[in-house]
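Let me begin by presenting the structure, written as structure tokens, before commenting on it.
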Amino acid sequence: MTAVARPLIDIRDVRKQFRSRSGTFLEALSDTSLAVQAKQFLCIVGPSGCGKSTLLRMIAGLETVSGGTIEIDGVPILGPRRDIGLVFQSPVLLPWRTVLKNVLVPAEVLKLNSTSSQKRAHDLLKLVGLDGFADRYPDELSGGMKQRAAIARALMHDPDILLMDEPFGALDALTREAMNLELLRIWQASTKTVVLVTHSIEEALLLSDRVAVFAPRPGFVRELIDVPIARPRSAATRSDPVFIRLAEKLRSYFEADKDAGK
Amino acid sequence: MKTRVAAMLERYGPPILGGIVMLLVWEFVPAIFNVSKLLLPPPSSIAQSLWLIYDRGLLVENFLVTLAEALLGFTIGSVTAIFFAFIVTRSLIIERTLMPYLVGLQALPKVALAPLIVVWVGIGIESKILIAAIISFFPVLINAIVGFSTVEAEKIDLMRSLVASRWQQFRIVIFPNSLPFIFAGLNVAIVLSITGALVGEFIGADRGLGNLLLQLNFNMDISGMFAVLTVLALLGIVLYALVRFLHVRFVFWAKPDNLRSGPN
Ligand SMILES: Nc1ncnc2c1ncn2[C@@H]1O[C@H](COP(=O)(O)OP(=O)(O)O)[C@@H](O)[C@H]1O
Ligand SMILES: [Mg+2]
């Protein structure tokens with residue numbers, strides 16, 4: 001390892017203001033700086049309303065910054081780019097398309113070769129554990145299965161960066177745990193750079209190399225915590241002493257915030 | 001097997017039985033009160049008239065003429081409306097320019113245009129097609145505009161994140177997403193298109209069920225008029241069933257009582 005490599009995603013002093021209907025400005029994010037190295041798994045945790053989704057949307061190029069810069073691979077973001085895959089909190093599947101056709105949407109938009117896309121789509125469905133469901137419609141799938149299809153779709157055009165906004169937030173605890181482990185497996189198989197937003201401290205620690213703790217009103221990065229837990233991780237990782245110690249530390253931030261809010 | 005027959009009986013028995021009772025009442029009760037058979041002909045004489053009209057070779061041809069007018073008008077009107085809605089929702093300037101006029105025209109009873117159109121286009125089948133098209137146009141237009149503008153923001157975000165062109169956004173998300181709205185318009189338009197064709201035929205035509213109805217009316221053949229009304233009802237059912245078939249075929253995913261059921 002040489003000295004510090006240029007981060008893949010470089011967020012510097014980013015601010016975001018929204019203009020409300022009454023004309024006043026709402027500061028969603030203030031002076032946020034964050035660097036994500038290539039192939040890193042970074043989680044953003046924080047209470048709702050602290051600008052996590054907004055930051056993710058700005059990285060995705062769906063929202064402009066009000067100040068500061070976001071660079072990917074040294075290039076400032078001007079709009080959406082095709083080397084990013086997005087997973088939203090809801091699966092956002094098209095109900096009139098089969099699971100396979102949904103996964104193929106990026107290939108269709110990017111006009112990728114159809115035969116190899118078909119094969120890749122089937123491989124991805126297998127990867128997310130949906131083989132045999134290619135010809136089903138979204139309304140025939142459970143919540144967890146829909147979200148897996150959404151993950152397969154985000155991987156379809158083989159993006160270098162995966163941005164996930166509370167992808168498992170709507171799932172029950174058991175499904176969520178299974179999906180976490182599955183995401184780890186998928187990530188290890190594909191080695192992408194992942195930024196994942198979550199409410200859950202456990203989820204963040206289980207998945208990530210690094211956790212960015214956000215604080216609200218206006219949002220900013222309160223703390224950056226490295227997670228030096230060996231990979232591959234599993235359900236047993238939760239009883240790792242480092243995991244427990246970091247979980248307590250993270251929890252203390254949120255409790256401090258709650259007390260400050262009183 | 002037995003239970004299936006029982007279920008069929010339970011479902012179709014009452015309306016069929018009700019229909020038979022109604023026909024019997026219509027057949028015999030007016031006679032008891034000395035209602036003139038000429039003014040309110042009983043079903044038996046309507047059936048006779050129907051056979052007579054058929055026998056004179058008037059039924060099938062006129063049926064097909066009106067069917068063609070309504071169906072062609074409906075198709076032309078609907079396709080034009082969807083195209084217009086596409087243009088209108090594509091550009092804010094066009095929308096701002098056209099919307100007040102479209103809303104204004106929407107308020108105008110379209111059948112009022114029928115005499116003018118017959119004068120302009122003539123008494124042939126073309127004027128009926130045009131009237132049916134104009135009358136079908138507006139419900140489809142309004143519904144398509146609403147449909148094209150009612151898309152979940154995240155679906156558009158998904159397309160934007162892939163740097164999809166506006167045409168791709170339309171083809172992959174906006175258009176399929178609008179189909180439940182468009183079909184709501186089509187269901188109204190198909191019925192209106194028959195009205196359009198008939199009104200056109202009333203104003204001036206040498207063929208069609210409307211024309212036949214006027215001729216029978218001129219001869220005071222009320223039983224014959226009832227016969228034509230029966231055929232018109234049949235025409236309406238055929239066309240509505242056609243749209244219904246397409247609706248179920250293409251918007252299967254938006255039906256609330258979905259036939260398929262998932263693992264949870
Ligand atoms: N499009 C928008 N217009 C106005 N305000 C917005 C918009 N998006 C987000 N906000 C506001 O910005 C703040 C941060 O929102 P968000 O990024 O969704 O937070 P989080 O994802 O952390 O819950 C919230 O107060 C929210 O109301
Ligand atoms: Mg959010």
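Read the figures in this text as sums done on the coordinates, not as results from a lab. Note that this is a predicted model, so its numbers are computed, not measured. When we count neighbours, we look across all protein chains shown, and the Cβ atoms used for this are built from the backbone with ideal geometry, even at glycine.
Kindly rank B:143-149, A:74-80 from highest to lowest mean number of other beta carbons found within 10 Å of each residue.
The peptides rank, most packed first, as B:143-149, A:74-80.
For the stretch B:42-259, just the Cα set please: Rg and Dmax, both in angstrom.
That works out to 20.7, 69 Å for Rg and Dmax.
Identify, among B:LEU50, B:ALA70, B:VAL60, the residue whose Cα sits farthest towards the positive end of the charge dipole of the stretch B:1-138, taking +1 on the Cβ of Lys and Arg and -1 on the Cβ of Asp and Glu, with the dipole about the Cα centre.
Toward the positive end, the furthest listed residue is B:ALA70.
Taking 7 Å along the Cα-to-C-beta vector as the label spot, tell me the A:ILE229-A:GLU71 distance in nanometres, rounded to one decimal.
Simple spin-label model gives 3.4 nm for this pair.
With unit charges on the beta carbons (Lys and Arg positive, Asp and Glu negative) and the dipole taken about the Cα centre of chain B, which residue among B:ILE174, B:VAL199, B:ILE125 sits farthest to the positive side?
Farthest along the dipole direction, towards plus: B:ILE174.
In peptide A:92-98, what is the residue-averaged number of other protein chain Cβ atoms found within 10 Å of each Cβ?
5
Which three numbers, in whole Å and largest first, are the semi-axes of the equivalent ellipsoid of chain A derived from its Cα gyration tensor as √(5λ)?
Ellipsoid half-lengths, sorted descending, are 29, 23, 19 Å.
To the nearest 20 debye, what charge dipole does the stretch A:141-210 have about its Cα centre, counting +1 at the Cβ of each Lys and Arg and -1 at the Cβ of each Asp and Glu?
Numbers: 7 positive and 10 negative charges, 43 e Å.
Magnitude of the dipole: close to 200 debye.
Quick check on packing: order B:101-110, A:174-183 by the mean number of other C-beta atoms within 10 Å, highest mean leading. Intermediate results must be reported in sequence, preceding the final value.
On the way: B:101-110: 11.8, A:174-183: 17.6.
Averaged packing, sorted descending, gives the order A:174-183, B:101-110.
At a Cα cut-off below 18 Å, give the aspartates and glutamates reachable from A:LYS126, other chains included and same-chain residues fewer than 8 away excluded.
A:ASP135, A:GLU140, A:ASP158, A:GLU182
Tilt of helix B:222-250 relative to the longest C-alpha principal axis of chain B, in degrees (0 to 90, nearest 10)?
30
Taking beta carbons within 10 Å but only from partner chains, what does the mean come to for residues A:154-164?
Numbers: counts 2, 0, 1, 1, 0, 2, 0, 0, 0, 1, 0.
Counting Cβ atoms of other protein chains within 10 Å of each residue's Cβ and averaging gives 1.
Add -39500 (n - 2.57) for each DSSP H run of 4 or more in the protein assembly as shown, then divide by its residues: what number comes out at 222 nm, to the nearest 500 deg cm²/dmol? Present the calculation step by step, with values, prior to reporting the outcome.
Numbers: 19 runs with 297 residues, N = 526.
That calculation yields -18500 deg cm²/dmol at 222 nm.
Report the relative contact order of the stretch A:131-254, percent, no decimals, based on alpha-carbon pairs under 8 angstrom and at least 6 residues apart.
Working: 105 pairs, mean separation 23.9, N = 124.
Value for the stretch A:131-254: 19 percent.
Got the relative contact order for the stretch A:96-146 handy, in percent, Cα pairs under 8 Å and 6 or more residues apart?
Details: 33 pairs, mean separation 25.6, N = 51.
That works out to 50 percent.
Pairs of Cα atoms under 8 Å, at least six residues apart: use those to get the relative contact order of the stretch B:42-259, whole percent.
On the way: 253 pairs, mean separation 65.8, N = 218.
This gives 30 percent for the stretch B:42-259.
Shielding of A:82-90 by partners, i.e. mean partner chain Cβ atoms within 10 Å per residue?
Values: counts 4, 0, 3, 2, 6, 1, 5, 1, 2.
The per-residue average across the peptide is 3.
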